[in-house]
Amino acid sequence: MSLLNYTECEFDAGQIEKARDEFQALHAKIAGRSEGYESITSRVGGEFSDLIGDGLKRLATENQAAWGSALLACLHGYGVLDKTVTDTNWYNEQIADIKSRLSMALNAIPPVEQDSFNRVDSTRRTFDAEARALWTKFEARCEETEDTLKEGPTPLRIRQLAEGGHFGVNEQIGYQTTGDINFYVVETDYNTDVLTVHLFDAVIHGYDGSIQMLESDPKTLALLENMLLRAEQARESGEELSDRELAYLEAVYQTLGKDGRGQEPGLLWFMDQVADSDHIDDDLRENIQRQLAGGMLVLSDEEVGGGMSRLPEDVRRTAVGPDRIEPSRDGDDPGIDLMGYSAWSDDWTKLSGFLNHADSDLQGGTEFSTNLLRTGSDMLLRSTVDGVPKVETFQDIIEVATRNKEANHIILTGEGSDGEAYPTHANHEHLTPERMLENLYTVPWPDEGEAVRGLTDWISADADSDSQEDRDRAGRSASALIEILTTTENEDGDNPFLDTAVGGKDYQPSVAEINPEVLKSLASVYGAYLDDISIDANERGYRAAAGGDDDEDDLHLFHRGGEMALHLPQEEHEKFLQLLLSNEEYSAPIVSLVEHQERRILNAYLDKDTLGDKVGGAGAADLRSAMSNALIAEYMDRHDDVETAREKANQMVQTGYNIVIASTVQSAGSKATPAGIAVETLLRLMEQPVKDYYNDKYEEGIGFTYIKDMDEHLLNNSSNIRDHANLQVLQSMWDRGMVDEETLEDKGLLIRHGDERRLPTSTVEWDSAATGYVSRVDALINEIDPEMGDRAATYIQHFQERYEQGAAPEWGGKKKH
């Protein structure tokens, strides 16, 4: 009986070896080799034809695809079984070693103590635990082997078997069999030398042979390009590039930073040589730049085993910015070493040009991207003053850096995905999320914020992700973003995002005006979390909604208790809306979005009879009053005149409401209602200014009623509020099929639109005073469904009460500024 308590491996290594060798025999037979020839583990030549015996060489070469497929299947079977043998022998040898060490440990116990149960038992338990851990590792190896078997002879699995030594010294047999670079096993030193020597000789010396090699040899630029594909596949499968592949990439960039004369000017020096070389044509130049830029992003990516520490020193140094010096007594921040700044500026420009060549679907690692964004935000304002480096260089680098969602999350929150503060380089210790966002958003970008919008574009997509982890990261980022935009104050007590220092207007324009692309991205965030914002919240944050999973679903319109949601207090909601509405050219779709969401709230309330009486009406009123107050606040800030501000706000509501009408009719003709419009439809309208939208609709022949007098729709008295809500209830019943077109026609409630008739989207679309029509609406609702009539009355009551409490006086409400 063994002194060691362990799990015995039941595999018979001898029988597995026999089965393995049968695959090699079959491989040899298919290849036309003599019996007993080790065709898998013996290296012969470098071409497919070298694998094949003379008798079959012509036939097999002419039918390489079919022949190669059969050979590859044998290769895969051999490799899987060889791995099984190797792992089995490893486990048995490790167990034998543990047994030996256990025996020695027990024998080392003095004879007088060997009868002591506690001493012996303690010793055995230590070694038993080691054996259990070993079995866990063996199981993991077996699971990997099982996965390799199930997936078949894929390039990844054949490469892994080759790198594991399971084809002996014949590592490239998969590549030799297929001629496919995906099967090529990287030989770090050899492949580094082949690529870098030909790059130098082509770019610096213009050697024709090297130029030809770069253009045609698969082991040069084509292999580097293949690393990008392998990285993408590794990311998708949750694996990493192999040690060899990472070492190859790292060695390439380190070698290119040496000039061959004993100096190391750095990778960016070499990329300058590529850009300026007269020896290569533009096609080759672009290919070199694209593959090297993409490869460096891959090398920096922690998800595939890379990291910023693997990058060339000059790239790392540029990414973290110029060194800081101690601040003066009066200074709040560390100063900049001006000589260092000049050198850094040159390298930043080179790095920008280099990264700009990377394919748009590639992203850098989190640490690298985060440092690029921190440095970019920190040095940006100095660039706008000095013009060095050019603002466009920041634009290009920021576009690349914001491809990494985790880096964006870190910039917005200051935290990693684990919720802990993300490490900060010494050059960035003075930076905060508020300061970085202000720097990035308040610069008038040449591209109107197209690059910097990448910081937030991903949030709306991930808010609806199947992954809870992705949804949580998006939610935390959105919460931090809105908090910064709505609560940050400068030295004068102003919000720097609503009142920037950018000139050119008779008032201080917002970031939405100076960078419309940023506005579009922020609007997408707002649209993604409109359902969350309906939660009545006193405290901000991304957290679980009140209530538990088993509680009655009576608290929230669009959530169950316990679900994660973005909570936004009304004051911050209004401030955020004010920012979104501050660009008149693009704000009407935001008004449309609010109109649309108000109807969704009503539908949700009518659909869920478990909801509390106040939930629906209060939620809709909060939404509308937030928009109303945001509009009046924005125009008061601009005009400082109540009547002018109200007139401007009226016009904006009018424009937004007409977009709802136009989009409704365009979506579904006479059967359409505003609640049926997708949020995405309204957000797409943000892609063009309102005046262009109307012109396009005119050219498309899409007509709509342009309402001239919106006073009734602005809900500035109790009667308008009730009329507005009654019509919404009728529209909801129309959506549900509870009322037909004939009944509405008989009641005189439809309006003419071209050759069709439809329900109005506002009471002001009726051709006379709304009161008479609304009385018919009220009667019809109660006639069709008295219970719905009761719920509608409750909704209207609470809508009216909450709206009057929350709306500013300019809108007939009681809220104080």
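The values are calculated or read from the model by the stated rules, or taken from the named source; none is laboratory data. Because the structure is a prediction, the values reported are computed rather than measured. Cβ sites come from the backbone with ideal geometry, for glycine too, and all protein chains shown count toward neighbours.
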Original post:
Residue check, T705 against (1) in contact with a strand residue (DSSP E or B) (Cβ under 8 Å, 6 or more places away or on another chain); (2) at pLDDT 75 or above, all met but one. Which one?
Top reply: (2)
Subject >> Any chance I601 is over 24 Å from the mean Cα position of the chain (by Cα), farther than 17 Å from N629 by Cβ, among the β-branched types (V, I, T) and crowded, with 23+ Cβ neighbours inside 10 Å >> reply: yes
Subject >> Those residues of the stretch 772-804 which are free of Cβ contacts under 8 Å to residues at least 24 places away in the same chain and not small (G, A, S), in sequence order >> reply: N782, E783, P786, E787, D790
**OP:** Just need a number here: residues in the stretch 189-210 that are touching a residue at least 60 places away in the same chain (Cβ under 8 Å), surrounded by fewer than 18 Cβ atoms within 10 Å (Cβ to Cβ) and β-branched (V, I, T).
**Re:** 1
Original post:
Exactly one of (1) over 25 Å from Y526 (Cα atoms); (2) surrounded by fewer than 23 Cβ atoms within 10 Å (Cβ to Cβ) is unmet by A480. Its number?
Top reply: (1)
**OP:** Give E489, E563, E517, E572 a once-over and let me know the one that is modelled with pLDDT of 95 or more, acidic (D, E) and more than 30 Å from I721 (Cβ to Cβ).
**Re:** E517
Original post:
If you scan the stretch 93-144, which residues turn out to be closer than 21 Å to T7 by Cα and β-branched (V, I, T)?
Top reply: I95, I98, V120, T123, T126, T136
Subject >> Residues of the stretch 46-74 classified as free of Cβ contacts under 8 Å to residues at least 60 places away in the same chain and part of a loop (DSSP other than H, G, I, E, B), total >> reply: 6
Original post:
Among the helices (runs of 4 or more DSSP H) confined wholly to the stretch 342-449, which include 2 or more residues that are within 22 Å of the chain's Cα centre (by Cα), outside the structural domain of L268 (by TED's automatic domain parsing) and closer than 25 Å to N490 by Cβ?
Top reply: 433-441
**OP:** Could you check G547 against (1) among the small types (G, A, S); (2) in a helix (DSSP H, G or I); (3) free of Cβ contacts under 8 Å to residues at least 24 places away in the same chain and say which number it fails?
**Re:** (2)
**OP:** May I ask you to verify whether D470 is closer than 24 Å to L557 by Cβ and in contact with a His (Cβ under 9 Å, 6 or more places away or on another chain)?
**Re:** no
Subject >> Candidate set from the stretch 1-57 (those that are over 48 Å from the mean Cα position of the chain (by Cα) and among the β-branched types (V, I, T)); member that is surrounded by the fewest Cβ atoms within 10 Å (Cβ to Cβ) >> reply: I30
Original post:
Under the condition of being touching a residue at least 60 places away in the same chain (Cβ under 8 Å) and among the small types (G, A, S), which residue from the stretch 211-236 is farthest from H279 (Cα to Cα)?
Top reply: A234
Original post:
Can you tell me which residues in the stretch 1-58 are touching a His at 6+ places or on another chain (Cβ under 6 Å) and small (G, A, S)?
Top reply: S39
Original post:
Looking at this structure, is T370 farther than 22 Å from L256 by Cβ, buried (at least 16 other Cβ atoms within 10 Å of the Cβ) and at pLDDT 95 or above?
Top reply: yes
**OP:** Could you please let me know if L241 is within 36 Å of the chain's Cα centre (by Cα), buried (at least 20 other Cβ atoms within 10 Å of the Cβ) and in a loop (DSSP other than H, G, I, E, B)?
**Re:** yes
Original post:
Does the stretch 58-68 hold any residues that are aliphatic (A, V, I, L, M) and surrounded by fewer than 16 Cβ atoms within 10 Å (Cβ to Cβ), and which are they?
Top reply: L59, A65, A66
